[in-house]
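First up is the structure itself, then whatever we jot down about it.
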Amino acid sequence: MNWFLNHIDLIVEKTGQHLVISLLPVLFGLIISLPLGWLAGRNPIARAVLIPVSALLYTIPSLAMFVFLPLILGTQIIDPVNVIVALTIYTVSLLVRAIADALSVVDASILAAATAMGYRPARRFLAVELPLAVPVLISNLRVATVSNISLATVGSVIGIEGLGKLFSEGFQRQNLDEIVTGVVLVVVLALIIDLVLQLVGRAITPWTRTAVKS
Amino acid sequence: MIEFRSVTKRFAGGSVAVDNLNLTVEDGSFTVFVGPSGCGKTTSLRMINRMLDPSEGKILIDGKDVHEGDPARLRLGIGYVIQHAGLFPHRTVLDNIATVPRLAGWTKAKARSRAGELLELVGLDASMAKRYPAQLSGGQQQRVGVARALAADPPILLMDEPFSAVDPVVREGLQDELLRLQSELDKTIVFVTHDIDEAIKLGEKVAVFRVGGVLAQYAEPAELLARPADDFVAGFVGRDRGYRALGFLPASQLPVGELATIIEGATIAQTRAVLHDGWAVVVDRNGKPIGWAEESRLHGQDPAATLSEDLLHAGGSLYQADGGNLRSALDAALSSPSGRGVAVDADGAVTGAVLADDVLAALARARNDGEVRS
Ligand SMILES: Nc1ncnc2c1ncn2[C@@H]1O[C@H](COP(=O)(O)OP(=O)(O)OP(=O)(O)O)[C@@H](O)[C@H]1O
Ligand SMILES: [Mg+2]
């Protein structure tokens, strides 16, 4: 506890870095997965390629990814970009399938009604399909986010900043307080972000909590 | 005007859903497509707004091929209502109705105020505006569906079995409402149903399809009942079509006979004095019928006592001598405890009586004149 109080500045800094390297990939991953998931949801050939490929990406061990990405990207090995790209890839691999599935459960007659009213495909996607897919989307986004917050700690092994540093350095210095602080903070951070996403999801889907009939 | 010109639709796999359809829907008319399941009604309807494209032939709206131009623009001018309404679950009732005006580029405020007007037009309370579709009954959802289709005031309205998922009582109310709306709005409506009764009630023109997507007959309902084009149509409109055809023959041709009436509050003795063949209709001060008095029930009662209501037989249905039809006259005669159908005027006051035999005689005359096929 003393260690914690004496190192508040360090902890805030590491937490900030950790949030950047774990949450930016969620955002990028979402932006990339939406069109891919949409394509996989409406085109069987695209689905046959995208779903297995994205599932395969998730099986690449994170450490291997952190080590090999600099070779491909031409970055320094301790560049946080490596972690951000790696976690974006994991997010995409989780979300492509989830988005394809979330979109496929939207009632076909509602989509037909939207088209018949004069929606063009892109606007229909944003105004009808996507909002209706939000409940499923949010729950998958929560999985991807928690997974990223935990995976981001692995980056510390190759020197990337973040809360992982607290336990890799604490281990070197044989400082149990530092290790415990790191572990607890990662768990608390994951719980808080998960709760925030859950609340945001509730706030933007008021129709899912309407009582049936009057 | 909507014209189908030699339209054929084949689906992948070669099945023919619509076979060489030629048909013209006049402006401002209410046209119903009816036929058994799978006969191509929905397919025909969906080719009008290009949800489907014909394999052969073309469809013209006001002389212009729907295939020229942008489908999304075309659809903004064509309202579309489907079974279960197809409402957006994530939008409030008001925003559902405002959808097409918003797509057409109206401001949010203008679209919402228009949606408010429509809510009222289809008979829904303003308090429904903020609800989500899941919070409405099936009938209310269907009304919202109609309001949504009408919001941008499109000249054409396509309706695919809009009322088949609601219970019969609610359905009848929705049908009456739709007829009232149509008399105010004068849209060109194409309505799909597999229910011949609904088709005959709603349609100014009815197109009967048979399986294989062939148009069997396209005619006014009275014509369809009187002269079905073939055995299929005759079978489809039903064995009781002679009875239904009565609904299109005016009751004004019937002889209206004398009917004994007595005003409520009269004594037993006064009532017995007016009975005709043992029966009299008791009326209120406006001449509206209350029930029937019969000799066998009055016999033995205190002559000076006032005729009480529990001595009366409940009356049958009534028919209007002017403006009514033979079907309601026959119903009146058959449902009357005395065998005399009560004729009333436009205000509901008793004018006389009709016998079932007279209605059947009128039907026989209509058959001889070719107004009804036997
Ligand atoms: N997308 C499709 N692909 C292949 N066949 C189809 C398709 N849509 C309809 N059909 C076939 O075309 C025929 C006509 O279908 P349609 O939906 O127009 O019938 P309908 O008259 O509306 O029937 P219902 O009263 O059951 O709604 C049917 O045999 C149907 O199986
Ligand atoms: Mg159909």
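Laboratory data are not the source of any read-out in this text; all were calculated from the coordinates shown. Just so it is clear, the structure is predicted and the values come from calculations on it, not from any experiment. All Cβ positions, even for glycine, are placed from backbone atoms using ideal geometry, and neighbour counts span all protein chains on display.
Taking a ≥ b ≥ c as the square roots of the Cα gyration tensor eigenvalues, the range B:21-67 comes out oblate, since a/c reaches at least 1.5 and a/b does not exceed b/c. Rounded to the nearest 5, the antiparallel percentage of DSSP beta bridges internal to the protein assembly as shown is 55%. Annotation: amide H-H contacts under 5 Å for B:Ile262 (H modelled 1.01 Å from N, sequence separation of 5 or more, or interchain): B:Val281, B:Val282, B:Val283. Computing FRET efficiency as 1/(1 + (r/R0)^6) for A:Glu169 and B:Asp70, where r is the C-beta to C-beta distance and R0 is 51 Å, gives about 0.20.
Equivalent-ellipsoid semi-axes for the range B:1-139 (Cα gyration tensor, √(5λ), whole Å, largest first): 33, 18, 14.
The per residue volume of the convex hull around the alpha-carbon atoms of the range A:2-213 is 143 Å³. Using the rule -39500 (n - 2.57) for each DSSP H run of four or more residues, divided by the residues of chain B, the 222 nm mean residue ellipticity is -9500 deg cm²/dmol. Taking every pair of alpha-carbon atoms in chain B, give the share separated by more than 39 Å as a whole percent. That tail contains 35 percent of the Cα-Cα pairs. Scanning residues 5 or more positions from B:Asn20 or on other chains, those with amide H under 5 Å from its amide H are B:Thr8, B:Lys9, with H placed 1.01 Å from N in the peptide plane.
What is the ratio of the Cα radius of gyration of the protein assembly as shown to 2.2 N^0.38 Å, with N the residue count, to two decimals? Don't jump to the answer; show the numbers that get you there.
Details: Rg = 36.1 Å, N = 588, 2.2 N^0.38 = 24.8 Å.
Ratio of Cα Rg to 2.2 N^0.38 Å: 1.45.
Within chain A, what's the longest run with no trypsin sites (Lys or Arg not before Pro) in a DSSP loop and at most 13 other beta-carbon atoms within 10 Å? Give the range, please. Don't skip to the answer; put the middle values down first.
Values: sites that count: A:Arg173, A:Lys213.
The longest such stretch corresponds to A:1-172.
Averaging the Cα positions of each part gives two centres, and for the range B:52-124 and the range A:80-118 these lie 27 Å apart.
Counted by neighbouring Cβ atoms within 10 Å, the residues B:Thr99, A:Thr181 run from fewest to most as A:Thr181, B:Thr99. Across the range B:204-219, computed HN-Hα scalar couplings (Karplus, 6.51 cos²θ - 1.76 cosθ + 1.60, θ = phi - 60°) run 7, 10, 10, 9, 9, 9, 10, 4, x, x, 9, 6, 8, 7, 10, 7 Hz from first to last residue, x flagging Gly and Pro.
What does the charge dipole of the range A:2-213 about its Cα centre add up to, to the nearest 20 debye, if the Cβ of each Lys and Arg holds +1 and the Cβ of each Asp and Glu holds -1? Please report the intermediate quantities before stating the final value.
Numbers: 13 positive and 11 negative charges, 203 e Å.
With only Lys, Arg, Asp and Glu charged at Cβ, the dipole is about 980 debye.
Computed extension gain for B:Leu360 through B:Ala222, at 0.36 nm per residue and net of the alpha carbon distance, reaches 47.9 nm. For the range B:256-372, the direction-averaged projected area of the alpha-carbon convex hull comes to 7.1 nm².
Quick one: dipole size for chain B, taken about the Cα centre, charges +1 on Lys/Arg Cβ and -1 on Asp/Glu Cβ, in debye to the nearest 20.
Details: 39 positive and 49 negative charges, 359 e Å.
My answer is approximately 1720 debye.
Note on chain B: GNM, Cα springs under 10 Å; of B:Asp197, B:Asp347, B:Asp176, the largest mean-square fluctuation is that of B:Asp347.
Against chain A, whose longest principal axis comes from its Cα atoms, helix A:44-58 is set at around 10 degrees. Here the Karplus relation 6.51 cos²θ - 1.76 cosθ + 1.60, evaluated at θ = phi - 60°, turns the backbone of the range A:77-82 into coupling constants of 5, 9, 6, x, 3, 4 Hz, with x for every Gly and Pro.
GNM remark for chain B: springs join alpha carbons under 10 Å apart, and the peak mean-square fluctuation among B:Ser328, B:Ser164, B:Ser15 falls on B:Ser15.
To the nearest 20 debye, what is the magnitude of the charge dipole of the protein assembly as shown about its Cα centre, counting +1 on the Cβ of each Lys and Arg and -1 on the Cβ of each Asp and Glu?
2160
Comparing A:Ala127, A:Ala46, A:Ala116 in a Gaussian network model of chain A, where Cα atoms under 10 Å apart are tied by springs, the biggest mean-square fluctuation is seen for A:Ala116.
Using the Cβ-Cβ distance between B:Asp347 and B:Glu172 with R0 set to 22 Å, the FRET efficiency works out to roughly 0.35. When both the range A:145-214 and the range B:204-281 are represented by their alpha-carbon centers, they are found 76 Å apart.
Of the residues B:Val169, A:Val188, B:Ala126, the one whose Cα sits farthest toward the positive end of the charge dipole of the protein assembly as shown, with +1 on the Cβ of Lys and Arg and -1 on the Cβ of Asp and Glu, is A:Val188.
In this model, which of B:Lys110/B:Lys187; B:Lys58/B:Lys108; B:Lys64/B:Lys205; B:Lys130/B:Lys187; B:Lys201/B:Lys288; B:Lys108/B:Lys187 are farther than 31 Å apart at the alpha-carbon? Pairs exceeding 31 Å: B:Lys58/B:Lys108. Can you give the angle from 0 to 90° between the axis of helix B:168-185 and the longest principal axis of chain B, with both taken from C-alpha atoms, to the nearest 10? The two axes meet at around 70 degrees. Computed from Cα atoms, the angle from the helix A:8-42 axis to the main principal axis of chain A rounds to 30 degrees.
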